[in-house]
């Protein structure tokens with residue numbers, strides 16, 4: 001059944017550098033439960049759980065506690081991350097961080113949180129697809145990327161402080177950032193003076209941003225529509241079992257009014273009936289591939305009044321009857 005988009009880029013440049021620093025990555029990939037075949041891809045993509053597993057294995061065999069700060073010269077994300085590219089052309093670095101916070105979700109499920117007042121700005125992240133704590137090297141790479149991007153414009157700028165959940169850091173960590181490192185904290189946070197982040201950036205290009213931002217906003221809108229579609233289909237799937245879910249049923253379970261849900265569907269050019277049909281037939285395929293239920297039982301489970309109504313609807317979608325589809329897919333009777 002539908003799941004949240006869960007892909008994290010792993011730049012080839014990072015893999016090349018890791019191969020130089022640690023040695024062959026094939027064994028590490030296998031230990032992390034990842035097919036080494038991805039090493040041949042231009043920009044490999046991993047699920048969050050695999051991405052975390054990969055970096056934990058790297059930490060296991062890595063002897064250099066500063067490696068995460070040095071990967072890709074401190075800019076681990078720039079190659080596969082258009083949101084980072086947009087940051088370079090913002091009016092101020094604080095504007096750049098807010099752009100990153102808004103558009104990072106288009107690249108991967110790492111949500112960037114910016115908390116800013118007149119005195120200080122706190123930068124942190126969390127992952128929307130897992131409740132696991134992120135490996136230390138991912139934290140290091142993210143903080144090093146922000147630090148590197150800012151120092152590209154203002155070489156002498158340093159953070160106010162860095163807060164880390166880990167209990168200690170290796171020698172040279174504080175020197176890399178030029179600030180106090182606080183360990184054993186509740187969150188991982190990179191903290192700057194707000195006034196430093198409000199300095200103008202010489203590479204500011206409002207014309208380029210005017211071109212890019214509408215494209216990014218359209219992509220956000222599409223992503224939001226995809227998420228809504230996945231949420232509704234998952235709710236529909238969970239409400240099958242002899243009943244036909246209605247718009248009101250799903251709206252209630254999403255804690256929305258029926259009118260609000262319909263308005264959201266219209267906004268994203270979605271049809272509840274279409275989503276219901278898609279979910280029913282995705283479920284039908286799964287059930288037809290098993291030996292446990294006959295066609296009549298499947299029809300009842302999916303909420304059809306009788307086997308004939310199910311067969312007619314199935315034939316409209318697939319061009320064959322449920323029994324024919326089952327035989328063609330080499331499963332049952």
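Every number here is computed from the coordinates shown, using simple stated rules; none is lab data. It should be emphasised that the depicted structure is a prediction, and the values quoted were computed from it without experimental measurement. Here the Cβ is made from the backbone with ideal geometry for all residues, glycine too, and neighbour counts use every protein chain on show.
Ordering 108, 43 from the fewest to the most neighbouring beta carbons within 10 Å gives 43, 108.
Rg over Rh of the stretch 278-320, using C-alpha atoms and the Kirkwood radius, what does it come to? Ratio of gyration radius to Kirkwood radius: 0.91.
Helix 272-288 sits at what angle to the longest principal axis of the chain, using alpha carbons and giving 0 to 90 degrees rounded to 10? The angle comes out at about 80 degrees. At the listed q of 0.12, 0.16, 0.17 Å⁻¹, the Debye profile of the stretch 8-204, built from one uniform point per Cα, gives log10 I(q)/I(0) equal to -0.59, -1.06, -1.20. For the stretch 79-128, rounded, prolate or oblate, judged on the Cα gyration tensor with a ≥ b ≥ c (square roots of eigenvalues), a/c < 1.5 rounded, else prolate if a/b > b/c? Judged from the Cα gyration tensor, the stretch 79-128 comes out oblate (a/c at least 1.5, b/c at or above a/b). Comparing 230, 110, 262 in a Gaussian network model of the chain where C-alpha atoms under 10 Å apart are linked, the largest mean-square fluctuation is found at 262. Length gained on full extension, residue 185 to residue 241: 15.4 nm, using 0.36 nm per residue less the C-alpha separation. Once the C-beta distance of residue 158 and residue 211 is scaled by a Förster radius of 25 Å, the resulting FRET efficiency is 0.15 to the nearest 0.05. Work out the FRET efficiency for residue 165 and residue 263 from their Cβ-Cβ distance, taking R0 = 56 Å, and round it to the nearest 0.05. Working from the Cβ atoms, E equals 0.85. As a length-normalised measure over Cα pairs under 8 Å and 6 or more apart, the relative contact order of the chain settles at 15 percent. Among 160, 240, 46, the residue with the largest mean-square fluctuation in a Gaussian network model of the chain, with springs joining Cα atoms closer than 10 Å, is 240.
Work out the P(r) tail for the stretch 258-333: percent of alpha carbon pairs separated by more than 16 Å, whole number. Distances greater than 16 Å cover 52 percent of the Cα pairs. By the Cα gyration tensor, the stretch 207-328 has an equivalent ellipsoid whose semi-axes, rounded to whole angstrom, run 34, 18, 11 from largest to smallest.
Expressed as an acute angle from 0 to 90° and rounded to the nearest 10, what is the orientation of the C-alpha long axis of helix 12-22 relative to the principal long axis of the chain? The angle comes out at about 60 degrees. Give me the distance between the Cα centres of the stretch 78-142 and the stretch 204-272, rounded to whole Å. So the two Cα centres are separated by 24 Å. Just so you know, the Cα atoms of the chain work out to an Rg and Dmax of 24.9, 75 Å. Across all directions, the average projected area of the convex hull around the alpha carbons of the stretch 119-203 is 6.3 nm². Taking 205, 98, 188 in turn, the Gaussian network model of the chain (Cα-Cα springs below 10 Å) assigns the largest fluctuation to 205.
By how many degrees, 0 to 90 and rounded to 10, does the Cα axis of helix 136-153 deviate from the longest principal axis of the chain? Result, in degrees: 60.
Across the stretch 130-287, the fraction of Cα-Cα pairs farther apart than 29 Å, rounded to a whole number, is 52%.
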